[in-house]
Amino acid sequence: MNGDGDGPPSAAVATAVATALAGGTWLAWALSGGGYFWPRWVWFGLVTAAAAVGLTGWVRRRPPGRRRWLAADGAAAGLIISVEVAVWALSGGGFFWPVFSGLGWSLLFGLHALSLRQWPPGRRRELARRVETLARTRRGALDDQATELARVERDLHDGAQARLVSLALSLGLAENLLDRDPAAAAKLLGEARSSAVGALDDLRTVMHSIHPPVLADRGLGAAVRALALDLAVPVTVTGEPQDQLAPAAQSAVYFAVAECLANIVKHSRADGVWVEFPPGAEGVAVVVRDDGAGGAGLIPGRGLAGVRGRLDAFDGQLGVESPPGGPTTVTISLPAAERDR
């Protein structure tokens, strides 16, 4: 029992009481001279009660919802059928009348189980919306990937590749002039060195545009602060990410913030920008606010639409509040599934 003596009896106490009753009825039957073995009905009642308690506990341990009701239906049907078969056997057999009740209960249980295989209308609509969203985000992710690859190829072609070609030409000319005109060769080697340094800078810029090293080394908070240092508009960054995002999701949030800041510089005429990692906000990654002219929106082909495209691949959401005259608030949120797993 519980410490105050008011709680229900424990399983051990219940077992002891049932054993005592079973033994007492058998003793009473034996002392009364035997005859018809009526204690069987007492034992049958005790076993039925124990089975009902056990099945109730099993049902209560099922997860809440429609499956628990199915388990309760099955437990009740199984107990009733078992009781009727036991009554038939203890009463001497004969015509097997429990078959009718058993068929009825089995049919009800089967219909109940069949109903669970049919999705409710609301669930079907939700799944249809989910499939549509996944198809749209998959197309968007593929388009964004193709655009990003084209940009990287263009940057490499126009930047690092051109410098490396110039480097090769300078080295070839220097090799030809090394014996005839060492001074000219030395000048060409200096130009080659400058081309090599420029090519490294171009490669470093391309690498930063793919995945900034500070993001991998120091995390999202430090990367956003480093991003804010290069802006012409004063930026205040407060808070820290509450959860560690998965690397791909972290990169998406970083570039989403970068796009928001670039849009502010280009279009908002803002005097100040605030980037906040809200503490304790479920699913919210970052909020970007500015005191500019407002009027921002998700216009296809424009910057914020591209931000939403980045987040779509992670089931993220982009909220924009930008009345004419400002201020503008952009909320970037990711579902919990994209947190570090």
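Computed from the coordinates by the stated procedures, all read-outs in this text should not be read as laboratory data. Keep in mind that what you see is a predicted model, and the values were worked out from it rather than measured. Here Cβ is always computed from backbone atoms with ideal geometry, including for glycine, and neighbour counts include all displayed protein chains.
Details
- Qualifying chymotrypsin sites (Phe, Trp or Tyr not before Pro) in the range 45-117, where qualification requires a DSSP coil assignment and no more than 14 other C-beta atoms within 10 Å, comprise PHE95, PHE96.
- For the range 11-116, the relative contact order works out to 20 percent when only alpha carbon pairs closer than 8 Å and six or more residues apart are counted.
- Anisotropy class of the range 11-116 from Cα gyration tensor, a/c 1.5 cut: oblate
- Compared with the alpha-carbon gap, the fully stretched path from ASP315 to GLU240 is longer by 24.8 nm at 0.36 nm per residue.
- One Cα centroid belongs to the range 216-269, the other to the range 20-82; the line between them spans 66 Å.
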